[in-house]
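The values are calculated or read from the model by the stated rules, or taken from the named source; none is laboratory data. No experiment lies behind these values; they were computed from the predicted model shown. Heads up, the Cβs are rebuilt from the backbone with ideal geometry, glycines too, and the neighbour counts pull from every protein chain shown.
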Ligand code: HDE
């Protein structure tokens, strides 16, 4: 690193122009580069506009000022209508199983084949500046830069959707977004308009159960699953089709936070998810997902209990296994958030040879919609030339021309095809994209098929697949959200739907909402099937991950703390691929019991325990029992069912927090290296969920 004072001095010699206060206005840049206008003219002074006299009017001819303000005034583009808040990263997809017999899609051509990718994660409802941990569905959009063109899987972290037909999408989004008159609430579904719409839309019930589960408050992007949602087609070189559903499974395992933690986390660190992804890549802990596929033929589709074209339904993994075919690794943060994450343009219609659509009406609507959004946001049809959107693995060659911001200067006189000049690219019947030859017939009509009519059976199946703790979270989420609805009829309508899903859930919700009478369930287009078996893959809590990899242990210390214990915890957590952060009353550090000042990563007031996966409390001679932030730290960790490691000097803090008598299997005494190891091993289990029962007593 060069010494900044040195640079100032050097430049002062070079150009000793000073302001009225005597300050030096500019530094020589490290590489001697010159600041220029967009036209390439070197700028002499970037601090003062051109004036007639030192205190006189600014001149219109100041092209440096004019260009700078002009560019600044146009620095924003419209945010995405949905999925506005997002974060992207680059990576690689590696094929682990060649699929040449099933699809000619380039990424699956051979085992070990690598394809560059760009991934953008997002929330759906909130605008660009909204907090990361809103209760919301997460977008999981992957762009594969394949050697046969760009292919996008524009998925979510939930395998089903609220609606069955694209025509309902604007209404769904209007209902969840801020109300048009008051412009709030922002980034949440806990309000009348959302539940009004949902309670009048029975097809949403399956998705609502997922939405009320902890899936919508994920610990981080790296602990979420991703799903293509719709049924797609794989098509092989012989033109034969196999239906396929896409699944991304995080190597870190599924992990979520609890609701109270999400709420507090949004205050403590609204950028929590993007920071987590940035930090993970920065420290070389590259997040990974396995790509799994459920492949099935027409016979399976015909015999399956639901319509495979219905996006409100899953195919349980027990009925059609998820087969792993590759791994996604994110290993490069963006260089520039705007240029890449903001300008990336995903589209479900971006497919390559070997990938085709099904007739899912939601997918068909999406194929139509995304280009419109790109045009609006990116200002013209040439957004495909932006580096993040341009194909990387293959040439692009066609006769499209002109339009806003055309950056290509194609040569030659020919811009049409066929042409007799023997110039320019030609279509290729063998290598080109050929749509799957699917016979199509039918009357033109606006009608939902009867096979889409069962709205409750899979909602019930999801609910009974959850652990009792997860079922408790769903109930609590429903009660929280519906309690925010001012209109009693909306609450009653929702509870009435729950009757079709699970009577005990409906009754518990009614009781907690203070409903005077149980509402009558609405007529169901089809009765709920009681025979669908629980599916283990639908639960987050079971089984928990088998290591602490990628997670953060927050260690609270104060002057005189046990340095040996901190080292033991670090070695145990880092041995599992975890991260340790140290928190102390002052950011300058805390005095170790060996007499040395130990640096810390966080100051207690700005680092509540909600930001950590597990915590250890190691006060020294300086007690923390009178420090409000320390009391909150330990109380919240307890209430959020976190594993808590405690040295003896921490006991007065525990007592002062009112938790003295509440010690349980999730609170570990830290006495020696062995106990530090045992504590970190216990932390693998996500949370000490049994505490919920203890707290309920
Ligand atoms: Fe989207 N969706 N969507 N969507 N969607 C957009 O495109 C749309 C749907 C999804 O990180 C928009 O560029 C319609 C389902 C993701 O940039 C827009 C319908 C799923 C992203 C749009 C749906 C998604 C979007 C807004 C109903 C899960 C963010 C900005 C027919 C499988 C991509 C944009 C990114 C973005 C339309 C339903 C996923 C307006 C019409 C179902 C992950 O074009």
- Message: Going residue by residue through the stretch 490-504, is there one that turns out to be under 20 Å from residue 197 (Cα atoms) and free of Cβ contacts under 8 Å to residues at least 24 places away in the same chain?
- Response: yes
- Query: Applying the selection to the stretch 81-106, what residues are assigned to a loop (DSSP other than H, G, I, E, B), surrounded by fewer than 19 Cβ atoms within 10 Å (Cβ to Cβ) and out of contact with any helix residue (DSSP H, G or I) (no Cβ under 7 Å at 6 or more places or on another chain)?
  - Reply: 96, 97, 100, 101
- Task: Inspect the stretch 135-144 for any residue being in contact (Cβ under 8 Å) with a residue 40 or more places away in the chain, more than 13 Å from the ligand (Cβ to nearest atom), closer than 30 Å to residue 430 by Cα and surrounded by 15 or more Cβ atoms within 10 Å (Cβ to Cβ) and give the result as yes or no.
- Result: yes
- Task: Determine whether the stretch 627-646 contains at least one residue that is crowded, with 21+ Cβ neighbours inside 10 Å, farther than 29 Å from residue 473 by Cα and touching a residue at least 12 places away in the same chain (Cβ under 8 Å).
- Result: no
- Task: Only residues that are closer than 18 Å to residue 434 by Cα, within 13 Å of the ligand (Cβ to nearest atom) and touching a residue at least 24 places away in the same chain (Cβ under 8 Å): list them for the stretch 328-356, please.
- Result: 348, 350
- Message: Tell me whether the stretch 145-153 contains one or more residues that are away from the ligand (no atom under 15 Å from the Cβ), assigned by TED's automatic domain parsing to the domain that holds residue 244 and in contact with a strand residue (DSSP E or B) (Cβ under 6 Å, 6 or more places away or on another chain).
- Response: yes
- Options 178, 270: the member that is in the same structural domain as residue 352 (by TED's automatic domain parsing) and out of contact with any helix residue (DSSP H, G or I) (no Cβ under 8 Å at 6 or more places or on another chain): 270
- Those helices (runs of 4 or more DSSP H) lying entirely in the stretch 198-290 with at least 1 residues buried (at least 23 other Cβ atoms within 10 Å of the Cβ) and more than 16 Å from the ligand (Cβ to nearest atom): 205-211, 259-268
- Message: Among the residues in the stretch 121-129, are any assigned to a strand (DSSP E or B), surrounded by 22 or more Cβ atoms within 10 Å (Cβ to Cβ) and within 9 Å of the ligand (Cβ to nearest atom)?
- Response: yes
- Item | Failed condition for residue 675, given (1) more than 20 Å from residue 572 (Cα to Cα); (2) in a helix (DSSP H, G or I); (3) more than 35 Å from the chain's Cα centre (by Cα) | (1)
- Looking at the stretch 37-80, which of the residues that are within 16 Å of the ligand (Cβ to nearest atom) and surrounded by 14 or more Cβ atoms within 10 Å (Cβ to Cβ) is farthest from residue 146 (Cα to Cα)? 79
